[in-house]
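Heads up: the structure comes next, in structure tokens.
Every number in this text was worked out from the coordinates using simple rules, so none of it is lab data. Everything quoted here is computed from the prediction, not taken from an experiment. A quick note on method: Cβ atoms are made from the backbone with ideal geometry, for glycine too, and the neighbour counts reach across all protein chains shown.
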Amino acid sequence: MQPFDYLIPGDHAEASALLAAGNGRVRPFMGGTDLLIRTRGGFVRPQAVVDLKGLPGMKEIRPGDDGWLIIGAACTMNQVAMHPLVQARYDLLVQACNSVASYQLRNRATIGGNCCNASPAADTAPALYCLEAVAEIYGPQGIRRIPIAQFFVGPGKTALRSGEFLTSLHLPPSPQDARGVFNKLGRTKMGDISVVSVAVYRRSGRLADPTAPATGEWRIALGAVGPTPLRAAEAEAALMQDTSPAGIRVAAALAAAAARPIDDIRASAAYRRAMVAVLARRGIEAVLADLSAARAQLPAAGGAS
Ligand SMILES: Cc1cc2nc3c(=O)[nH]c(=O)nc-3n(C[C@H](O)[C@H](O)[C@H](O)COP(=O)(O)OP(=O)(O)OC[C@H]3O[C@@H](n4cnc5c(N)ncnc54)[C@H](O)[C@@H]3O)c2cc1C
């Protein structure tokens, strides 16, 4: 591997200045599970890497205002998946983090690195799209925040500008009755990049809102079937009207129609599209089954305790 300098910035401003001065040849470094492999393969040739992990807040998971949860960009997959605040409300993200590679790799790979690598197959992305996460970015102009769906711009491309880096992901409150399922299809059962992935998330909707659909608010996001992860808006809208078996089939077909897959060495576009429908249907059915199991646990209204 071509040698490069390893830099540890003292604070956010120094990190930003180092990145800006490097003009693309100085790269942010977190777990290195993508960057080192790409460097070894000669796909990138950094003169230096800037290790962002030690900056304040980068490895923290903490409650924000108004029920939000803030996850530092340098939190590893295992750290996120094992954190009680994540487990309590964001099981969809727990499943996504746990689906990445192996336990050993998840001790190193960070959630921020997964987003900044900007692979359409990044496994945390569909969950973050469903949860409508907000990306916090630090740069020469200070801090800015953008929805995660605007952070992914194209394969390997993010909305980050010169001197900017991702500091954290902010998750909006997720109600107690929210349910999510992440289904991933790789070439092997464990440790492989997704050929297709589908996240399905359902929440009760804003209960105070009289226009909230009786079926709840549904969100579906797709991975590895477009230049960026995608939301399947028409499938979501269909589920808000009808969650009968026929409605589920319609929604699954609409999710497949939303996919924009390509043929590549891992799968054909046609196979990917067909698998979106299968994984979406399974995800919706699993969410509904989980909801009815939860409802069955509730004590009957007015019944004996
Ligand atoms: C064997 C193996 C299996 C894998 N399996 C999976 C899998 O199943 N699912 C999956 O989604 N991924 C998988 N990956 C890919 C990789 O592990 C993940 O994308 C991981 O989350 C990357 O995080 P990292 O901290 O290692 O990022 P790094 O390698 O440190 O960085 C990734 C990229 O993002 C940039 N970057 C990092 N942090 C920031 C920041 N804060 N601001 C701006 N830019 C930044 C870096 O410069 C680099 O270009 C696998 C990788 C390997 C080697």
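Counting 0.36 nm for each residue step from Asp192 to Gln176 and taking away their Cα separation leaves a gain of 2.6 nm. Between Gln87 and Asp264, the contour length at 0.36 nm per residue exceeds the alpha carbon distance by 60.2 nm. With the simple model of a label 7 Å out from the Cα in the direction of the Cβ, Gln47 to Ala233 spans 4.3 nm.
When exposed loop sites are taken as chymotrypsin sites (Phe, Trp or Tyr not before Pro) in a DSSP loop with at most 15 other Cβ atoms within 10 Å, the longest stretch of the chain clear of them is 69-305.
Here each label is just a point 7 Å from Cα along the line to Cβ, and for Ala21 and Ala274 those points are 5.6 nm apart. Compute the Rg/Rh shape ratio of the chain: radius of gyration over Kirkwood radius, all on alpha-carbon atoms. Rounded to two decimals, Rg/Rh equals 1.00. By its C-alpha gyration tensor, with a ≥ b ≥ c as the square roots of the eigenvalues, how is segment 5-171 shaped: rounded for a/c under 1.5, else prolate for a/b larger than b/c, else oblate? Note, shape of segment 5-171 comes out prolate. Model label sites at Ile37 and Ser162, defined 7 Å from Cα along the beta-carbon direction, differ in position by 3.1 nm. Ranked by how many other Cβ atoms sit within 10 Å of their own Cβ, fewest first, the residues Glu136, Glu236 fall in the order Glu136, Glu236.
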